[in-house]
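The values are calculated or read from the model by the stated rules, or taken from the named source; none is laboratory data. Small disclaimer: the values here were computed from a predicted structure and weren't measured. Quick reminder, even Gly has a Cβ in these numbers, built from the backbone with ideal geometry, and neighbours come from all protein chains shown.
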Amino acid sequence: MDARLNLFASPVAATFGKHLTAAGRALADSTLPAATQELVKLRASQINGCGFCTDMHTKDAEHAGETSVRLHLVAAWREATVFTEAERAALDLTEQATRIADGAGGVSDTCWETAAKYYDEEQLATLVCVISLINAFNRGNVMVRQPAGSYRPGQFH
């Protein structure tokens, strides 16, 4: 399977991708736990049907020491007992923000207030940025049908 468009060969898309990647690097130094960031990226990618990003963030999380049990249960996090209350709040925020067009009003006040119990303002800002960024990556990859399965951890670092 080939992508509809080679984003890596397009000068405009490659430059855009470098800027998005740089934005992601800015978030890496946040106090928001790296594991939470990967879980958020994985859940948004699952919701958006982005195989490329689902592959990437599963492998990156695994490479960073995340357990296979937790990775397998991200899609069913509400029923899983392996996530902290803080992680659950981040996953709920991710779902509501990713599905913003599905619900009138976007992210609920209750969801935001729950996340704010566990994360300070800088961490909340990082969550907003991580969720926004992964949704941008997902949308581009889904549009061009970027194939999944061949990503190697750290490939784009």
Total residues in segment 25-44, condition surrounded by 14 or more Cβ atoms within 10 Å (Cβ to Cβ) and farther than 11 Å from His57 by Cβ: 7
Residue that is surrounded by the fewest Cβ atoms within 10 Å (Cβ to Cβ), among those in segment 1-24 that are assigned to a loop (DSSP other than H, G, I, E, B) and of a type in the set (Gly, Ala, Ser): Ala9
Test: residue in segment 45-56 that is surrounded by fewer than 18 Cβ atoms within 10 Å (Cβ to Cβ) and in a loop (DSSP other than H, G, I, E, B): yes
Test: residue in segment 85-98 that is at pLDDT 95 or above and part of a loop (DSSP other than H, G, I, E, B): no
Test: Glu62 is touching a Pro at 6+ places or on another chain (Cβ under 8 Å) and part of a helix (DSSP H, G or I): yes
When residues of segment 99-119 are limited to those that are crowded, with 16+ Cβ neighbours inside 10 Å and in a loop (DSSP other than H, G, I, E, B), the one modelled with the highest pLDDT: Tyr119
Residue within segment 134-152 that is more than 16 Å from the chain's Cα centre (by Cα), surrounded by fewer than 17 Cβ atoms within 10 Å (Cβ to Cβ) and of a type in the set (S, T, N, Q) present: yes
Residues within segment 46-103 that are among the β-branched types (Val, Ile, Thr) and more than 26 Å from Ser150 (Cα to Cα), tallied: 4
Restricting segment 27-40 to residues that are modelled with pLDDT of 90 or more and part of a helix (DSSP H, G or I), the residue that is nearest to Leu71 (Cα to Cα): Leu39
Subset of segment 85-96 [surrounded by fewer than 19 Cβ atoms within 10 Å (Cβ to Cβ), in contact (Cβ under 8 Å) with a residue 24 or more places away in the chain and under 17 Å from Lys41 (Cβ atoms)]: Ala86
